[in-house]
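No value in this document is a laboratory result; all are computed from the given coordinates. This structure is a prediction, so every number in the text was calculated from the model and none was measured. Cβ placement follows ideal geometry from the backbone for every residue including glycine, while neighbour counts extend to all protein chains displayed.
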Amino acid sequence: MVKENAKTLLEINNLQIRFGGIKAVDGLSLSVKEGEIVTLIGSNGAGKSTTMKAISGMVKPFAGEIIFGSDNITGQAPNVIVSKGITMVPEGRRVFPNLTVLENLKIGAYLRYDNLTNDIDYVYSLFPRLRERSWQLAGTLSGGEQQMLAVGRALMAKPKLIMMDEPSLGLAPIVVAEIFEIIKEINRQGITVVLNEQNANMALKIGDRGYVFETGRISMSGKCSDLANDPKVQEAYLGKSK
Ligand SMILES: Nc1ncnc2c1ncn2[C@@H]1O[C@H](COP(=O)(O)OP(=O)(O)O)[C@@H](O)[C@H]1O
Ligand SMILES: [Mg+2]
């Protein structure tokens, strides 16, 4: 939910990321306002995941800057970035298969020393299915349940900004719809969301604004409703022909 005059929460200026000779991100700028859902779309290899990893501190930029609130977080360590209020739900969920649901949630709060009971309750109220499976090993959950757990774990750090990398990948449509409802609910409660979603149709429906990635740069950006009506976007990403 974006308020009028919402402040900029995240700003990326001229980001460059290289792996050996490969320019995975090549002079990219974007911004996210408080309360927005911002969607990233683009083909495979366009640099979306790498950009998210740079924001969360998992890859180091070659150049450019990443500003969160009033802090320059460029190149800072992942734990520092989590403690400032950014968490990421990685592609492929990455839950700890041999730990229980509850243990996985507690790991999401590893930088906190206050009482977690209310937050665990909050996550269980968003995902009643996780409450029923509190003592179940995460590796035995279905794909959709693992995705819920990964989102729940990211919420346990009490983020201001949550980033989700391909949350719908490999999930049945009915489960995807459920995950998207939760994303909206989290956002209604005041958490800003950056969403990298291969299902561009859904991404542009849920998002406020979007950025189109092409070979490490932004080729287009704007309100999601405008992007969804753009002929180039329709042809390249929404499967509609001219
Ligand atoms: N750890 C890595 N080592 C080398 N190249 C990488 C690595 N991670 C990503 N890349 C390359 O960076 C580019 C962008 O990848 P990525 O950010 O995963 O794209 P997207 O998420 O948009 O599909 C691709 O060419 C990819 O092969
Ligand atoms: Mg990716």
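Which aspartates and glutamates, if any, have their Cα less than 20 Å from the Cα of residue 84, not counting same-chain residues under 8 positions apart?
Straight-distance partners of residue 84: 11, 34, 36, 65, 71, 114, 119, 165.
For segment 5-18, take each phi angle, set θ = phi - 60°, evaluate the Karplus expression 6.51 cos²θ - 1.76 cosθ + 1.60, and give the result in whole Hz per residue in order, putting x for glycine and proline.
Calculated HN-Hα couplings, in order: 6, 4, 7, 6, 9, 10, 9, 10, 10, 6, 5, 10, 9, 10 Hz.
If the viscosity is 1.306 mPa s and the temperature 10 °C, what Stokes-Einstein diffusion coefficient in µm²/s follows for segment 181-242 when Rh is the Kirkwood radius over Cα pairs? Intermediate values should be presented prior to the final figure.
Numbers: Rh = 12.4 Å.
The diffusion coefficient I find is 128 µm²/s.
Could you tell me which of 42, 20, 69 has its Cα farthest along the dipole of segment 2-72 towards the positive end, charges placed at Cβ (Lys, Arg +1; Asp, Glu -1), taken about the Cα centre?
20
Whose amide H sits under 5 Å from the amide H of residue 238, counting only residues 5 or more places off or on another chain, with H placed in the peptide plane?
Under 5 Å from the amide H of residue 238 lies no amide H from a residue far enough along the sequence or on another chain.
Using Cβ counts within 10 Å as a stand-in for footprinting exposure, how do 18, 153 rank, fewest first?
Values: 18 17, 153 24.
Ranking 18, 153 by Cβ neighbours within 10 Å, fewest first, gives 18, 153.
Over segment 2-117, what portion of Cα pair distances is larger than 19 Å, expressed as a whole percent?
Numbers: 3620 of 6670 pairs.
For segment 2-117, the share of Cα pairs beyond 19 Å comes to 54 percent.
Which log10 I(q)/I(0) values, to two decimals, does the chain give at q = 0.10, 0.12 Å⁻¹ under the Debye formula with one point per Cα?
-0.46, -0.66
Within a Cβ distance under 11 Å of residue 8, other residues only, what is the Lys/Arg minus Asp/Glu net charge?
-1
At 20 °C and 1.002 mPa s, grab the translational diffusion coefficient of segment 103-219 from Stokes-Einstein with a Kirkwood Rh over Cα pairs, rounded to a whole number in µm² per second.
The estimated diffusion coefficient comes to 141 µm²/s.
How far is it, in nm, from the label point at residue 111 to the one at residue 135 when both lie 7 Å from their Cα along the line to the Cβ?
Simple spin-label model gives 3.3 nm for this pair.
Residues with amide H under 5 Å of residue 64's amide H, sequence separation 5 or more or different chain, H placed in the peptide plane at 1.01 Å from N; which?
Under 5 Å from the amide H of residue 64: 16.
Near the amide H of residue 36, under 5 Å away, which other amide H atoms are found, from residues 5 or more places off or on another chain, if H is placed in the peptide plane?
HN-HN under 5 Å from residue 36: 193.
Once you order the gyration tensor axes a ≥ b ≥ c over the Cα atoms, which shape class does segment 46-112 get: rounded for a/c under 1.5, otherwise prolate or oblate by comparing a/b with b/c?
It comes out oblate by the Cα gyration axes.
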